[in-house]
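The values are calculated or read from the model by the stated rules, or taken from the named source; none is laboratory data. This structure is a prediction, so every number in the text was calculated from the model and none was measured. Because the Cβ atoms are built from the backbone with ideal geometry, glycine has one as well, and the counts that use them run over all protein chains shown. Areas reflect the complete protein model, heavy atoms only, side chains present, ligands, DNA and RNA absent. Shrake-Rupley method; radii C 1.70, N 1.55, O 1.52, S 1.80 Å.
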Amino acid sequence: MSLEEADVYTRTAYGRQQSQQQSLISHIKASLVVIVIGLLLLCGGVLALLWNEGRAVQTAKSLDETLRILVELPTIEAAYEDFDDRLVYLTAPITTVQPLQDKNYNISIWAAKLKRTVEMYQWVEQESSIGSYSGDQTHTEMTYSYSQEWREDLVDSRHFDSSHVHANPAQMIISSTLYRAPVVQVGNFFLSDTMIENIMPFKVCVSLIQKLCILKQTSKP
């Protein structure tokens, strides 16, 4: 979302239009290409729809079968041979052996994963064009608008039409980072790396503005 009124620049270009016969031939060729592509997309869409319907039916059957054989573990403290090679589930809090820390901002939290999301206030370019014809000439008007936004990704301003006025830094001073606990448990069961990676979603625990407010309050005499 734009936080300031956008800057707008317009560039105009002129060109000579093709002769009427050449233009008609070009339009016919372009129309044929569009028709062929449209037919191919239609056939591909029908095949994809049939394939997805088949997969949906198979998925529904698999879920029904899973629910039928699924067993809840009676305890989270130990494993039993009776449940070997069976599909089981359990419900319990996740625990870790040590808190995750972001030393750059003195943040410490007990969690399986800690994600630091960094955004930078940058210039962003939007491009639009309007074309018109006058006799045998073409008139193309390019409009470039610039606004400043908070972005997690680095916007390369070197390719902007007005890069000398709207320049972004070449790199992020601090980047986004993901910290992951080395050991994650549910009861006495240890989670694999794949299971830890699939723990979602993230919950905002503290923002930098909140952290600065906390530090300001604690620094008072």
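A few remarks follow.
- Residue within segment 22-32 that is farther than 25 Å from Phe189 by Cα and modelled with pLDDT of 85 or more present: yes
- Residue selected from segment 50-97 under the condition touching a residue at least 12 places away in the same chain (Cβ under 8 Å) and of a type in the set (Asp, Glu), by the criterion farthest from Val186 (Cα to Cα): Glu72
- Condition met for Pro169 (loosely packed, with under 11 Cβ neighbours inside 10 Å, in contact (Cβ under 8 Å) with a residue 12 or more places away in the chain and not aromatic (Phe, Trp, Tyr)): no
- Index of the failed condition, Ala56 passing every other in (1) open to solvent by less than 60 Å² (accessible area, probe 1.4 Å); (2) under 30 Å from Asp153 (Cα atoms): (2)
- The residues on offer are Ile174, Ile196, and the sole one that is in contact (Cβ under 8 Å) with a residue 12 or more places away in the chain, among the β-branched types (Val, Ile, Thr) and assigned to a helix (DSSP H, G or I) is Ile196.
- Scan segment 177-196 for residues that are under 21 Å from Glu119 (Cα atoms) and modelled with pLDDT under 90 and the total you get is 0.
- Subset of segment 92-114 [closer than 18 Å to Val204 by Cα and polar (S, T, N, Q)]: Gln101, Asn104, Asn106, Ser108
- Some residue of segment 10-21 being surrounded by 10 or more Cβ atoms within 10 Å (Cβ to Cβ), more than 30 Å from Val124 (Cα to Cα), modelled with pLDDT of 85 or more and in contact with a Ser or Thr (Cβ under 6 Å, 6 or more places away or on another chain): no
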